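The structure under discussion appears below in the form of structure tokens.
Computed from the coordinates by the stated procedures, all read-outs in this text should not be read as laboratory data. This one's a predicted model, so the numbers in the text were calculated from it and none came from an experiment. Cβ placement follows ideal geometry from the backbone for every residue including glycine, while neighbour counts extend to all protein chains displayed.
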Amino acid sequence: MNIDYNSQNNTFHLYNSKLSYVISVEKNQFLVTQYFGKRIRSFNMSRRHWQYDRGFLSNPDNADKQFSLDVILREFPDTFQGDFRTAAYRIRSEDGDAVTRFKFAGHKIYRGKQDLSGLPQVDGNENDTLTLEIYLLDDIRNLKIILFYNIYEDVAVVTRSVKFINDSTETICVEKLLSMNIDFLDEDWEVLTLTGSHLDEKRQNRRAILSDQIRIESSRGTSSPQATPFIGLLKPQSNEFVGDCVGITIMYSGSFEATVQKAQFGSIRTQIGINSDGFSWVSNPSESLDVPEAIIAFSDEGTNGLSNEFHKLFESRVIRPQFRERERPILINTWESFYNAIDETKVLELAKVSKDLGFELLVIDDGWFKNRNSDASGLGDWVVDGEKFPSGLAALSKQIREMGLEFGLWFEPEMVSKDSNLFKQHPDWVICSHRYEPINSRNQFVLNLGIKDVQNYLFEKISTIIIESKVTYIKWDMNRHLTDLFSAGLSNSQQGELSFRYTLGLYSLLEKLNLCFPDVLFENCSSGGGRLDPGMLRYMPQAWVSDNTDAIGRINIQEGTSILFPPSILGNHVSDIPNHQVGRITPIQTRFNVALLGILGYELDLTCLDDKEKFIIKSQIDFYKSYRSLFQFGKFSKLYSSNSNYNAWQIISKNAELIAVVVIQKLSPNSYRVPIIKLAGLDSESFYENIESGEVFGGDELMFSGISFERVRTDFYSWLKIFKKVNK
Ligand code: GLA
């Protein structure tokens, strides 16, 4: 790992063993992306033929018609300077003038990382991280931009962020300040996005980019199930295992924008940052503004390779240290068992059966607090419903813990129901315009987390319950998006700050809770995986992937989610049939096989099961426990399948001794075309035993010849095979 500055040709070369990123300074002013990709030893300007006079372009130096900002590959493109592709920032003075002219003004290289105030960051220390700061200065206006670049010892990832500093004497309005921009000279890429909806999160969309632009965004105040803050650039020839792939995401959970734009002469612009639509920030003299950290990853080993870089980064540098490699408990959740019709008797009966079956954590979902018999009321007060739970939460938790289970609880802290005491006392805490009643969504309004008193109130409520009831797990839900964006507490010109301030307020509350309760496991939920993004991961090392608990429905959701996120954070539940979301009836083995690639949980009324069903679930739990670290911390890959009716997943333990393969047959086929599944990443010289049958195969055979499966005349069938490395 190093950052070389070559003063001869004015280039910066950031590299580690896997990745190189080269930036140059042209004409002593303009930053140019020279290269981002597989590690190279040095860069000696092998590609510079973009420089010729194309005519009809703007030229910052009139004596040099070959040089135009509209053509060069840029690191942080400006506004109104003749680069007509999308800009990375727009900054306006009091008189309305947004023409700015920032020029390169120096750099600094150091060990460790900068601090971004109030924002979650990838961890980096003096031993394993280097930082490059590049200074851009508008010396007419006395404005400064710092571009931060971080390179890490062990992952093919660069992180970037930006600080704006107002050294002038006037108030400046920052209308757009993205976190990164990279332009690629090579135009031959396909674009991968992860968009979707509630019950259908992180759908993979892969297509060519033609002479146009792909922009994905959220203006919902959260990253959202509709659009994940992620764009992938994939070589058209690439697949799960081979080919260059670049992935870009961001440590941010609010409204974002991400763009891939093919320019007139074919280069590709990529950007990610806070959504500039609706955003603005007032910067007074000597104030500064930090924006979220972007993550840019590279792999030449296809989408699995790219995912593995993200997984490694998140597991080792984003999840809080307390939870790195800490095995997660097997939980039973009450939502699909009882919904809001929950009470003490039901919970205790459920707890008893759960304990017998081997569960470790009982989670009371929605419905435990006063005035919560439906989703029409009750949010905000966070007082236990004494009729449903006459002994109170602390006593119930004690009984559950005495049975040998941990106690977990659902909260939706960011919300308030109109029918609640909190709303009566503090209507001013709701995000809304004073002119209108706020828009309802799931019968609830959003609390303005940008207000310190709101943060303090929520901290007080949640921490009291954690302490009194010895809660070791919290499912933190967020079931609606932000509307009516107005805050009486902000000035006229600050209204564009509301959404960003909301997210900063959320982070500050979560930071405080993490600090005070370092061992409480937070599971991130937003109507399922609606806010499953790297920013939230910093505070919550577990995430509910989707409200869709149907095994077949989840195949694509889990595959899409695994593009970014490792199994160790993905909460999956086995639920009842017919499935409550899609009505499908699937075998319990398939529901289990799909759920076990991650953190296993169950969400069904165990007290209604017959003995045979209980036996099956107990056996599943016992099985999962004996391979838990494989399923939670192994290396995940989507496998090549010769037939699209079959999805195949593999997970290899950290020491590469154990391999689990799950294959799902979606429908019973009309005629049988034998599915061939090829394992990956094994040692071709070693042998592996199928632990069920005792058969032994060479790693080369499993990878190159592959395994096949018998004909089973059932829809939604699945197989789970475990192989163990053996000496032969
Ligand atoms: C959301 C969550 C569910 C459940 C309900 C409770 O939909 O995603 O898992 O907690 O809220 O209201």
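When F704, F102 are sorted by how many other C-beta atoms sit within 10 angstrom of their C-beta, beginning with the fewest, the order is F704, F102. Ordering N670, Q581, V157 by Cα displacement along the dipole of the chain toward the positive end leaves N670 in first place; charges were set at the Cβ atoms of Lys, Arg (+1) and Asp, Glu (-1). If you keep only loop residues by DSSP, which trypsin sites (Lys or Arg not before Pro) in region 541-641 have at most 15 other Cβ atoms within 10 Å of their Cβ? Those satisfying the criteria are R584.
Its Cα centre serving as origin, region 322-630 has a Cβ charge dipole (Lys and Arg +1, Asp and Glu -1) of approximately 460 debye.
Each of I466, I274 was scored by other Cβ atoms within 10 Å of its Cβ. Listed from fewest to most, they are I466, I274.
From the alpha carbon centroid of region 69-89 to that of region 277-317 is 20 Å.
Helical content alone sets the calculated 222 nm signal of the chain at -5500 deg cm²/dmol, taking -39,500 (n - 2.57) per DSSP H segment of four or more residues and averaging over every residue. Residue order for T303, T607, T259, fewest other beta carbons within 10 angstrom first, comes to T607, T259, T303. Computed over region 637-726, the convex hull of the alpha-carbon atoms projects to a mean area of 5.4 nm². Net length available on complete extension from A208 to D277 is 22.3 nm, with 0.36 nm assigned per residue and the Cα-Cα distance removed.
The peptide list 560-570, 212-222, put in order of mean Cβ contacts within 10 Å with the highest first, becomes 560-570, 212-222. Gap in Å between the Cα centre of region 234-271 and the Cα centre of region 1-34? Each part's Cα centre sits 21 Å from the other's.
Between K398 and Q425, the contour length at 0.36 nm per residue exceeds the alpha carbon distance by 6.5 nm. Of the GluC sites (Glu not before Pro) found in region 632-728, those that fall in a DSSP loop while having at most 13 other beta-carbon atoms within 10 Å are E685, E692, E695, E710.
A simple spin-label model places pseudo-atoms 7 Å from Cα toward Cβ; at D611 and I439 they are separated by 5.6 nm. What is the distance in Å between the Cα centroid of region 432-508 and that of region 145-178? Centre-to-centre (Cα) distance: 27 Å.
Using the structure shown, list the pairs from K635/K678; K18/K202; K355/K724; K352/K614 with a Cα-Cα distance above 21 Å, or answer none.
Working: K635/K678 16 Å; K18/K202 28 Å; K355/K724 30 Å; K352/K614 13 Å.
Long pairs (Cα-Cα over 21 Å): K18/K202; K355/K724.
Site pair R48 and F80 shows an inter-label distance of 3.2 nm when each label is modelled 7 Å from Cα along Cα→Cβ.
The aspartates and glutamates whose alpha-carbon is closer than 14 Å to the alpha-carbon of K461, local same-chain residues fewer than 8 away aside, are D381, E412, E414, D453.
Taken along the Cα-to-beta-carbon direction at a fixed 7 Å, the label points for K108 and E175 span 3.1 nm.
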